[in-house]
Structure formats: structure tokens, C-alpha cells
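Throughout, read-outs are computed from the coordinates displayed, never taken from laboratory work. Please read all numbers here as calculations on a predicted model, not as lab measurements. Please note: Cβ atoms are built from the backbone with ideal geometry, for glycine as well, and neighbour counts cover all protein chains shown.
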Amino acid sequence: MEMAKCRIIMSLLLIVGILFQGCDSDVKCRNDNGRAVDWYMLYKLPAGLSYMYMDKSTRGWELSREKINSRSGTLANTLKPLLDFYDNKSVNFGYMLYNDQPPNGMPSASYGHSKGVVMLDEQTGVWLSHSTPKFPTYRNRDFWPTSGNPNAQTFICVTYPYSEFKKIGLHLKYIHPYSYDSAIPTTFHEELRCVAQQKCYPKLKPWSFVRKLTSVKGSHFFSFAKYTRFGDDLYSGLIVKYLKRNLYVKSWGRMRHRLPSNCSTSIPHHVYNVKTINLNGKFFRDTVDHSKWCVTPGGVWTCIADTNREVSQMRRGGGAICINDGKVQKAFSALISRYEHCKPASPP
């Protein structure tokens, strides 16, 4: 009798375990080992496929044993729900891929200068913001575009609860991204659906948007977004006014009309252009580094962005995701090898 009771109890525990496992969301940021993480950042090195990795558990940047295009690396593990969806069309799953330089064609410059991946189910979701043109490739398990090999790139992935995607949808509304592939169920947040369908953009002031976002593990981030009618630089016109500290900004070095470092008295703090990076002992210039990020020296803020400091991009939507974390700030500050000083003011 006792043995029979034990079998029944074990069977019930097994069923409960299976049910809980089935209810656990697969849509999460994942590392090289496939383990779920609250957030991570990647820095792909130029001239190849190697990348540095950092999350809450690391002591800063670590060189990944994988390549950025590996089917067992961080990006592949994170994108797995999307790649599986292409085959099985899961019911309670939604996604949106946006990129101002999509895999096929080139959208109007009226769309935001922004690149990212949104994936979610009814429990959790992933927002992966990055700087890589044509990524991810269109409905292909070979998700990495070979055009992404020459230059350095940055990625930030955060796992959020489902409820936060209403605010993420509003952020995307302001940056007005070019959505080149999407499938958002009708029961999901309308803010995401209308952006994915390219129907939503701000109609009234203010032309900028700042919100606090909280990850599934309680990490706090701030999203900064500007619409095209904001008409100013993302960094000197928006971010520096909120963070109230000097900024060192790394953006693409091959812009036609790049904005110089800004020490104007019209902004509360200075904004400096980072020119040379030292990553894992390798020095390279901003002309081979397509990443966009900024860091506060002597502070605790780091932002991964999608917009360059360039005249034409003052008139385009774009944004950044910022974290208040001393370890991350230290890791990014250590990358700066050389920056552009402000030019002396002209005599009256």
C-alpha cells in the first residue's frame, strides 16, 4: 500500500514538473551555453567574427569561444524562438525585426536610424538592440550577414516581462523604425502591433520619450527615444540633459557631416567623440567601428544606442538603452584610447 502511494505521489510530482516546465518561457536572452540571462552586451571586433561578451555575472568583457555567426553562440541561442517559429508557427509568439538597412532594399530616410529585434510570448520577451546592417537575415537560420564581418558592432539584449512591452512599443513609436518582418498576435500590445505595421508615429509634442524599464530580474534601464521632429542630436540634445554628466560618445567614423565634440555653453555638460578603441588589446579607429554607445566618465551610466552624431541624423528618429551600473561603466570607459577635444571658441 505504501509503495502504491509513493508511486502516485511521484507520478503527480512528475506531471506538475512537466506542466511548470511547459509554462516556462523560452523567449529570453541566452549566453553561449544556452542559459537564460537577465541581460547581456556584445562587442564584435572588426575584421572577423570574434566578439566580447558581458553580463551581470561576468567581471567585465570576456572573449567568447564562439563566433558571432555560430549556431551555438549567444545570438543563435537568443534567436532560437524566432528561428523555430519560421518552421512551426507557434500560436502565442510575436516578433518584429527592424533595421534602417534591411536585408533587402533600402527604406526612406523618414524612418528612424535604428536596428533591433523584438520577440515575446505571453510571459517574457527579448529586446535586442544593435548596430548591424542587414541583421538578422530574412527568415534564414544563417542569421548573420557577411556584410557585417568587416566592422565592429554592439548589441544589448534584455529579458523583460510581457507587461514592459507596452512601454517598449511606445519607445519604438518615437524612433519610427523600419519594420521589415513581423508577426504580432492580435491579443498582444497594440503599441507593438501598430509599429510593426508601420502605422504609428508621434503626432504631437513632445518629440522625445524617456521611460524606466525593469527586466525580469529587477535590473533597471532607461530608454531614450527621439522622433524625427525633435530636430537635435540624441546625445547633446537629449541624453546629456537627463544624465547631467559629460558624455564620451562612440559612433560611426565615416559620416559625411559628423558633429564635432560639443563643449557649448548651451548644453549642461560636454559631449566628446571617441576616436580610437582598445578592445581586448586591439586598437582600432572609429572608421572600422560601426557601434554606437556612450559612457559617463567618473559616473555610472552606459548607453547602447542606434544613432550617430551626424548632421542628417539630427532629423531622424533614434534612441538608446541606458544602464546605471558601475561595472558596465568601467568596462566601457576602459575602451576609450583617444577622443576628440573641443575646438577653441572663436574670438568675438
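In segment 38-67, which residues have a backbone nitrogen under 13 Å from the label point lying 7 Å from residue 83's Cα in the Cα-to-Cβ direction?
67
Mind giving me the nanometre distance, one decimal, between the label points for residue 166 and residue 242, set 7 Å out from Cα along Cα→Cβ?
Each label point lies 7 Å from its Cα, and together they span 1.9 nm.
Starting from the Cα-Cα distance between residue 263 and residue 300, subtract it from 0.36 nm times their residue separation and give me the gain in nm to one decimal.
Values: separation 37, 0.36 × 37 = 13.32 nm, distance 2.10 nm.
Length gained between residue 263 and residue 300: 11.2 nm.
What's the extension gain from residue 342 to residue 139 if we count 0.36 nm per residue and subtract their Cα-Cα distance? Please report the intermediate quantities before stating the final value.
Values: separation 203, 0.36 × 203 = 73.08 nm, distance 4.51 nm.
Here the segment from residue 342 to residue 139 would lengthen by 68.6 nm.
With 26 Å as the limit, write out which pairs from 80/212; 199/275; 282/343; 44/241; 167/226 have Cα-Cα distances beyond it, or answer none.
Details: 80/212 28 Å; 199/275 38 Å; 282/343 28 Å; 44/241 30 Å; 167/226 14 Å.
From the list (80/212; 199/275; 282/343; 44/241; 167/226), the Cα-Cα distance tops 26 Å for 80/212; 199/275; 282/343; 44/241.
Starting from the Cα of residue 26, step 7 Å toward the Cβ, then list every residue of segment 167-199 with an amide N under 18 Å from that point.
Under cut-off, by backbone N: 183-185.
By count of other Cβ within 10 Å, fewest leading, how are 342, 29 ordered?
Result, fewest neighbours first: 342, 29.
For segment 173-239, what class follows from the C-alpha gyration tensor (a ≥ b ≥ c being the square roots of its eigenvalues): rounded when a/c is under 1.5, otherwise prolate if a/b is larger than b/c, else oblate?
On the way: a/c = 2.26, a/b = 1.18, b/c = 1.92.
Oblate shape, in that a/c is at least 1.5 and b/c is the bigger or equal ratio.
Return, ordered by residue number, the residues of segment 184-209 whose backbone nitrogen is under 15 Å from a label point located 7 Å along Cα→Cβ of residue 110.
Counting backbone N atoms under 15 Å from the label point, the list is 198-203.
With springs connecting C-alpha atoms under 10 Å apart, model the chain as a Gaussian network and identify which of 112, 281, 237 has the largest mean-square fluctuation.
281
Name the trypsin sites (Lys or Arg not before Pro) in segment 224-281 that are in a loop by DSSP and that have at most 10 other C-beta atoms within 10 Å, would you?
Details: sites: 226, 229, 241, 244, 245, 250, 254, 256, 258, 275; in loops: 244, 245, 254, 256.
In loop regions of segment 224-281 (DSSP not H, G, I, E or B), the sparsely surrounded trypsin sites (Lys or Arg not before Pro) are 256.
Can you tell me how much longer the chain between residue 255 and residue 312 gets when fully stretched, taken as 0.36 nm per residue apart minus their C-alpha distance, in nm with one decimal?
On the way: separation 57, 0.36 × 57 = 20.52 nm, distance 0.95 nm.
This chain segment gains 19.6 nm when fully extended.
Return 61, 144 ranked ascending by Cβ neighbour count within 10 Å, so the fewest neighbours appear first. Walk me through the numbers on the way to the answer.
On the way: 61 19, 144 23.
With the sparsest Cβ surroundings first, the list reads 61, 144.
Among all helices in the chain defined by DSSP H, which have a length of 20 Å or more along the axis from Cα atoms plus a Kyte-Doolittle mean of at least -0.5?
Numbers: long enough: 2-23 (32 Å, 1.54); 74-88 (22 Å, -0.16).
Answer set is 2-23, 74-88.
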